[in-house]
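Structure first, commentary second.
The values are calculated or read from the model by the stated rules, or taken from the named source; none is laboratory data. None of the values given here were measured: they were computed from a predicted structure. Note: ideal-geometry Cβ built from the backbone for every residue, glycine included; neighbour counts use all protein chains shown.
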Amino acid sequence: MKSEIKTGLVFGIVIAIGVGILGAVFASLDEVNPSDSLTQFDSLSKIDKSGFKKAPDLVGIAHHLNTTPEELEVEIEGKVVLYDIWTYSCINCIRTLPYITAWDDKYAEHGLLIIGIHSPEFEFEKDIENVKMAVSKHGINYPVVMDNDMKTWKAFENNYWPRKYIADHEGHIRYDHIGEGDYQKTEQVIQQLLKERAESAGIEMKSNVSLVDIEEFEHSMFRTPELYFGYKFAQNRNQLGSDEGFQPGKTISYSEPEKIDLHKFYLTGDWKNYEDSMELVSETGSIKLLYNAKEVNIVTDNDANLEILIDGSPLSSEYSGTDIAAGNTLQVTEAGLYNIVTNENSSSHVMEINVEGKGFQIFTFTFG
C-alpha cells in the first residue's frame, strides 16, 4: 500500500506541475495576443509587434487641407498617428469631432498626429470648397486629406464611417474602432502609445491620466434607421412607401399616400430618381414620414425653403433643431447635413416637409 501511495503522490505532483506550466504558457500567449485593441506591457522589450499590421500609405489623395504632401510625409515620421476616416455630412462622424479636436489640442505637442481621411459618401462631398467649409465649421486644425476615389479607404480595407485607426510611432496599427463611442478607451490608447514613444526615445513624459470630459450623445434605443433616397443606396431596403416606388433615372409624379407606415418616407410632386438621391423637378413637392427618434437630420443640396410640420402642426420650439433659424422653416443654402428636430426624449411623430425650390436634392434622413 505504501508504494502505491507514493506512486500516486508522485503522479499527482507531476500533473500539478504540468498544469502550472501550461497555465503560464497560455497566460503568456494571452499577454502578447496581437488581436487585442491595445496590449500593455511593463517593458518595451516584451512587445512583439510581428502580429500587427503596418498602417498603409495615403494613396490617391485629391487634395490636402491644413498641410501639404511634403509636410505631411515629414510629420508622420516617428509620431503616434490617429487616422480618422470620416465624411462631413455623416452625423455619426460629426459627433466624434469634438473629441478628436480636443485630443489634437491636448496631445499634439507630445507626439500625436491626427490625420482626417475624408472619404465621401455623396458626390457633393468631393468638392474641396464644401470640405473646407466643414473643416472651418468644426474647428479642425489637423491635416485633412481628401480621399475622393476611396483609394486610401480601400488600402485600410475599411467599410465604415466613422472609423479610427491608431498607429504607434513605428507605424504598427495598435487600435481600431468603428463608429461612435469608446472615447475614454481611445484616449487611454493614445496616452499609452505616447508613453511608449517617449520611452523608446529616452524622453521623460509627465504622467497625465486625466481624460477629455465631453458629454456623449445618447442614442435612442428604438429609432428609425437611416432612410436613403437614392435607388442604389436603398437597394434591398424597403424604405420608400409611395406606390410608385423607385424608378432608376426617371422623373416620377408621386401622389399623396392614403396611409403611411413607420420607418418609410412618402413623396408628392415630380421627383427625378438618382443613384444617391432624388431631385425635385416640379416647383413644389413634399416629403412625409412616420418616425421614432429624438433627433432628425437630413442631407441635402441646392437652395430651397422647407416648411416643417409635426403631427399636422408647425414645428414648435420644443422640437426645433439647431439649424431651424426661426419659426418652422429651414433655409437650405449649401450642400450638407441639417438638424431639423432635437428633443430630450424619443417619441413617434408624423413629419411633413413642404418643399419650395425646383432643383432641391435630398440624399438621406438620419435619426438619433
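A few remarks follow.
- Tally of residues being over 18 Å from the mean Cα position of the chain (by Cα) and closer than 30 Å to residue 242 by Cβ across segment 178-220: 0
- Positions within segment 324-368 being buried (at least 17 other Cβ atoms within 10 Å of the Cβ) and free of Cβ contacts under 8 Å to residues at least 24 places away in the same chain, in sequence order: 324, 328
- Output for segment 80-102, where each listed residue is of a type in the set (D, E, K, R) and out of contact with any Lys or Arg (no Cβ under 8 Å at 6 or more places or on another chain): 95
- Any hit, segment 75-84, residues being in the same structural domain as residue 174 (by TED's automatic domain parsing), in a strand (DSSP E or B) and under 30 Å from residue 277 (Cβ atoms): yes
- Some residue of segment 145-155 being under 28 Å from residue 278 (Cα atoms), surrounded by fewer than 22 Cβ atoms within 10 Å (Cβ to Cβ), acidic (Asp, Glu) and at pLDDT 95 or above: yes
Matching residues to (1) over 28 Å from residue 322 (Cβ atoms); (2) in contact with a Phe, Trp or Tyr (Cβ under 8 Å, 6 or more places away or on another chain); (3) at pLDDT 95 or above; (4) in the same structural domain as residue 309 (by TED's automatic domain parsing):
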residue: 207; (1), (2), (3), (4): yes, no, no, no
residue: 210; (1), (2), (3), (4): yes, no, no, no
residue: 213; (1), (2), (3), (4): no, no, no, no
residue: 217; (1), (2), (3), (4): no, no, no, no
residue: 238; (1), (2), (3), (4): yes, no, no, yes
residue: 252; (1), (2), (3), (4): yes, yes, yes, yes
residue: 262; (1), (2), (3), (4): no, yes, yes, yes
residue: 278; (1), (2), (3), (4): no, yes, yes, yes
residue: 294; (1), (2), (3), (4): no, no, yes, yes
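- Residue 276 in contact with a helix residue (DSSP H, G or I) (Cβ under 9 Å, 6 or more places away or on another chain) and under 22 Å from residue 358 (Cβ atoms): yes
- Checked across segment 170-191, the condition of being free of Cβ contacts under 8 Å to residues at least 60 places away in the same chain, surrounded by 13 or more Cβ atoms within 10 Å (Cβ to Cβ) and among the basic types (Lys, Arg) holds for no residue.
- Scan of segment 209-228 for residues that are out of contact with any helix residue (DSSP H, G or I) (no Cβ under 7 Å at 6 or more places or on another chain), surrounded by fewer than 13 Cβ atoms within 10 Å (Cβ to Cβ) and under 18 Å from residue 96 (Cβ atoms), ordered by number: 213, 215, 218
- Subset of segment 292-333 that is part of a strand (DSSP E or B), closer than 21 Å to residue 230 by Cβ and of a type in the set (S, T, N, Q) - its residue that is nearest to the chain's Cα centre (by Cα): 297
- Condition met for residue 220 (among the polar types (S, T, N, Q), more than 28 Å from residue 65 (Cα to Cα) and touching a Ser or Thr at 6+ places or on another chain (Cβ under 8 Å)): yes
- When 166, 173, 190 are checked against the criterion of being at pLDDT 95 or above, β-branched (Val, Ile, Thr) and in a helix (DSSP H, G or I), 190 stands alone in meeting it.
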